Amino acid sequence: MLTIGKRDASGTTAGEADHEPRVAIGEEDGVLGCAFSGIWTTRTVALVDADMRKIEKRSGFKTLALDVSKIEKMDTAGAWLIDRLVSAFEKKGVEIQMQGQSEIASILLEAVGEAVRREPESGPVRPPNIVIRALEAVGRRVYEMRDDFLASMNILGATIRGAQMKLGRGHAVNPAAIFNQIDRMGVGAIPVVVLMSAIVGAIVAQQGAYQLSYFGADIFVVDLVGVLILRELGVLMTAIMIAGRSGSAITAEIGSMKMREEVDALKVIGLNPIGVLVFPRLVALVIALPCLTIIANFAALGGGILAAWLYSDIPPAAFIDRLRVAIDLSTIFAGLIKA
């Protein structure tokens, strides 16, 4: 039964302070007797824990006699402390004699003892050998890839369906949302795209000029920069920066909306979350990525022109003249198609 009383500064009730748990010890003819008294609850058992541990270390007795008749109140913490003492002497082969316990105390002590001594339902699991562990890891990874693929296809299908619903109802397409996303993901990314592309173009030109100078073919650095930037690096650097900048921003934004249940609110008012949240961003990326690729190409070529001028003494006019010979429209469109 839960009792409530006036508490002192230590946090114990007045009754508990007057009836602290105690252990009286007696020895006679190979019998160790322990008489418990007071209140044995969670709040008070810490007072006798050290004494109980000292008793557990004693040896040279054939019988342990426990008297719990004077315990005024006991919970599972007190029962566990007594059961720990019993277990310690049972391991030493000492006979245990319990006396003075009430029916409720017997039930509590028995329940705590069963819980402490409960054997695991199954024996220890042997770790599988290295082959099984490797196959298990591969299988788990395959299942994860399958789940990721299905989730991606689900999102793609929902996006296409949302776009179909939007385009099927021309009045439902919101140009303001699309232009807002173009401004955030396209225009806002121009500074970082220009900076990184110019640096990459300058590095490619500098390293190419350094290596080609051994063969007296410095002018071919223009071919290297032009083809490499327009076909591969321009669109690649743009995609990486957009994925890192805009992709993480989209994930964080939609994730926070999901956490605040704004996505559920859209469903409640009859709007398709894919059409409202995903479709404008998808259209904005489709429009912004080729434009950013063109800007990145010009920035990288500008960095290449500057590096070639400084390292190989190729003036900008000569660089541009050679660039016209080195590339054609197929080179330009090869990169734009990838965008």
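One table, with the values for the structure above:
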read-out	value
Output for the stretch 289-331, where each listed residue is touching a Leu at 6+ places or on another chain (Cβ under 7 Å), over 30 Å from PHE179 (Cβ atoms) and not hydroxyl-bearing (Ser, Thr, Tyr)	ILE327
Hey, ALA189 out of contact with any Ser or Thr (no Cβ under 9 Å at 6 or more places or on another chain) and either surrounded by fewer than 18 Cβ atoms within 10 Å (Cβ to Cβ) or in the same structural domain as GLY247 (by TED's automatic domain parsing) (or both) or not	no
Meets criteria (more than 30 Å from GLY302 (Cα to Cα) and among the aromatic types (Phe, Trp, Tyr)) for PHE279	yes
Qualifying residue in the stretch 299-307 (condition: surrounded by fewer than 17 Cβ atoms within 10 Å (Cβ to Cβ) and more than 30 Å from ASN174 (Cβ to Cβ))	yes
Contacts under 6 angstrom Cβ, first residue in the stretch 316-339 being under 18 Å from CYS291 (Cβ atoms), partner in a helix (DSSP H, G or I) and of a type outside the set (A, V, I, L, M, F, W, C), 6 or more apart	ALA334/ARG231; GLY335/ARG231; GLY335/GLY234; LEU336/PRO290; ALA339/PRO290; ALA339/THR293
Subset of the stretch 67-104 (residues that are among the hydrophobic types (A, V, I, L, M, F, W, C) and within 18 Å of GLU20 (Cα to Cα))	VAL68, ILE71, MET74, ALA77, ALA79, TRP80, LEU81, ILE82
Near pairs, Cβ below 8 angstrom, 6+ apart or cross-chain, from the stretch 50-62 (farther than 14 Å from ASP83 by Cα) to any residue that is in a helix (DSSP H, G or I)	PHE61/PHE89
Members of the stretch 29-79 that are under 19 Å from GLU114 (Cα atoms) and surrounded by fewer than 18 Cβ atoms within 10 Å (Cβ to Cβ)	ASP75, THR76, ALA77
Members of the stretch 233-273 found to be aliphatic (A, V, I, L, M) and in a loop (DSSP other than H, G, I, E, B), listed by number	ILE269, LEU271
From ARG260, ARG245, residue being of a type outside the set (Ser, Thr, Tyr), surrounded by fewer than 20 Cβ atoms within 10 Å (Cβ to Cβ) and under 15 Å from ARG184 (Cα atoms)	ARG245
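The values are calculated or read from the model by the stated rules, or taken from the named source; none is laboratory data. This structure is a prediction, so every number in the text was calculated from the model and none was measured. We place every Cβ from the backbone using ideal geometry, glycine too, and count neighbours over all the protein chains shown.
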